[in-house]
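The values are calculated or read from the model by the stated rules, or taken from the named source; none is laboratory data. Being a predicted model, the structure only gives us computed values, none of them experimental. Cβ placement follows ideal geometry from the backbone for every residue including glycine, while neighbour counts extend to all protein chains displayed. For the accessible areas, the whole protein counts, side chains as well, though only heavy atoms, and no ligand, DNA or RNA atoms are used. Shrake-Rupley method; radii C 1.70, N 1.55, O 1.52, S 1.80 Å.
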Amino acid sequence: AAVAAPPAEAGEEPLLRGIFEISKRSCDVVLSARRLRWSPILPESPTGDSSMALQAQEEMIEMKDVFSVKLKRRRFAGQKKGGTLLGITIFKCLNKEKNKLTDSAIHLNNLSEDHCHSWFRHLKEILNGFQNRPKSLKVFVNPSSHKREAAHVYFEQVAPLFKLADIKTDVTVTEYEGHALSVLKECELQEFDGVVCVGGDGSVSEVAHGLLLKAQIDAGKDTDCIPTPVRAPVPLGVIPAGTTNILAHTLYGIKHAVTATLHIVMGHIQPVDVCTFSTPSKLLRFGFSAMFGFGARTLALAEKHRWMPSDQRKDFAFIKALADLKPEECEISFLPLQIPQEGSHENDRKKKEKSIKKGSRDQWHRIQGHFLNVSIMAIPCLCSMAPRGLAPNTRLNNGSMALIVVQNTSRTEFVKHLKRYASVKNQFNFPFVETYMVQEVKVQPRLTNGLDAKENTYLNAASAEGNYPWNIDGDLMKEASEVHVRVHPQLINLYGVNTDDLESSQATCNCI
């Protein structure tokens, strides 16, 4: 009895088959919706020797890894159009080493116009079927980021890849702080498939805030009070061109402009949690992470000395803040997310960690005292100095925030805690550090914060006004009253991948 052949795997049915020259060898090429396969055409051996057949190794590429297809032509000097058709060039995305992506070209040579145009048309149809890939992007470039390299990074490394992928761009080179925010408020976002920011953490924070604020305005929300914000309508892409680039490291596992660009071009989408930072009367901003205390005062000091080169400024601010190390007196209220699960990192903590009792999910907890640093983070905040992340117990989109409270201790012990971030050891395994998984946090500073105005001249004005610095995603914000932080699950899509699946970066640099 005849036996039916097994059905072809979905997407594997041949669409086209033909002959092209690849790497100077004539090849039999087969295109399906999922893959492009080819193998060299070998002459038959007159002796029937099978050794030659072993050399005919089939090669293939996945169509999901292809981001551009171009007709290859020979043109004379100065000739911009026309030319002799030589074949087709296929551009694909390669995972070169660890988390780094790069682009690669494969040339399919054939002089037949009809043959090449038929294949080109089919290849383009397959690429157009990938729905998440952007066709039009709004781009913001901050020329002041880090060593003023953002414009060079964009126009030399990023823009050529966007052009190669046939992505239209509308570029704004920002001229002042808040420029991107003002543009986004008036921007018709429906004209774009995504928004891209080329800059550091502060620039990205401004663009993310503007993108989400615009979404609330378009939805008719009261922007002074947004208990349940609407999601951003388009994804946000992050091209690292700053000093620390926490969000880029968290999304890509590496600071590499081409890697970030290829994630955008390929349409890799990652839903991410976002926090709202509010006072009792108004929304301050949207963001991903914040520090109050040492992390914020270090940033405030660095901002005060912007005339210094970037690396020197940050080192100076870090050392000066350590020399003037003093705690903040405040009350911290938080709403626990859930009971720590068995086997989680939370259970690795010693008994000193505050446990959350059953039935207390909707009950606010309060702690008062003097704190050197308070971190509130909805994402792991990976960076080259902290390969495990500043908040390794949270995730990009699990609907939780990590609250990390560092109580008053000696400068020596505090430095030991900071140094642990660069290692694989538990940076929270100190008697003066407490961690919680929460869904809401309120921080209420006390006026008697122990500051000596003469010793802390860089904060004289802030102290006199009763304003306290906050470091929100690398951006400085000063606020006098209670700050209320809420986490909103998967409020925005970012171009990138889940860092749980990435290899961790092991490089070292200054994070703060």
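Remarks
- For the range 183-192, filtered to residues that are part of a loop (DSSP other than H, G, I, E, B) and of a type outside the set (Asp, Glu), the residue that is surrounded by the fewest Cβ atoms within 10 Å (Cβ to Cβ) is 187.
- Remark: residue 221 falls outside the filter, which requires a residue to be touching a residue at least 60 places away in the same chain (Cβ under 8 Å) and not in a helix (DSSP H, G or I).
- Of the numbered criteria (1) more than 12 Å from the chain's Cα centre (by Cα); (2) open to solvent by less than 30 Å² (accessible area, probe 1.4 Å); (3) of a type in the set (Val, Ile, Thr), the one residue 238 fails is (1).
- Complete set of residues in the range 374-412 that are of a type in the set (A, V, I, L, M), surrounded by fewer than 23 Cβ atoms within 10 Å (Cβ to Cβ) and part of a loop (DSSP other than H, G, I, E, B): 385, 396
- Any chance residue 162 is in contact with a His (Cβ under 9 Å, 6 or more places away or on another chain) and modelled with pLDDT of 95 or more: no
- Residue match in the range 279-287 (condition: basic (Lys, Arg) and either within 25 Å of the chain's Cα centre (by Cα) or open to solvent by less than 10 Å² (accessible area, probe 1.4 Å) (or both)): yes
- For the residues 238, 195, 274, the requirement of being part of a strand (DSSP E or B) and without any contact (Cβ under 8 Å) to a residue 60 or more places away in the chain singles out 195.
- Within the range 248-272, the residues that satisfy the criterion of being within 23 Å of residue 421 (Cα to Cα) and open to solvent by 10 Å² or more (accessible area, probe 1.4 Å) are 249, 254, 255, 256.
- Scanning the range 380-399 for residues that are at pLDDT 90 or above and among the small types (Gly, Ala, Ser), we see that the one that is farthest from residue 244 (Cα to Cα) is 399.
- Some residue of the range 217-224 being open to solvent by less than 50 Å² (accessible area, probe 1.4 Å) and of a type in the set (A, V, I, L, M): no
- Within the range 123-159, considering residues that are open to solvent by 70 Å² or more (accessible area, probe 1.4 Å) and touching a strand residue (DSSP E or B) at 6+ places or on another chain (Cβ under 7 Å), the one modelled with the lowest pLDDT: 132
- Set 153, 66, 158, 173: member being among the β-branched types (Val, Ile, Thr) and more than 26 Å from residue 497 (Cα to Cα): 173
- Scanning the range 160-182 for residues that are surrounded by fewer than 16 Cβ atoms within 10 Å (Cβ to Cβ) and among the aromatic types (Phe, Trp, Tyr) turns up just one, 176.
- Which numbered condition residue 487 fails, given (1) modelled with pLDDT under 90; (2) among the β-branched types (Val, Ile, Thr); (3) in contact with a Gly (Cβ under 7 Å, 6 or more places away or on another chain): (1)
- From the list 120, 91, the lone residue that is open to solvent by 30 Å² or more (accessible area, probe 1.4 Å), within 16 Å of residue 29 (Cβ to Cβ) and at pLDDT 95 or above is 120.
- Filter result for residue 208 (modelled with pLDDT under 90 and surrounded by 16 or more Cβ atoms within 10 Å (Cβ to Cβ)): no
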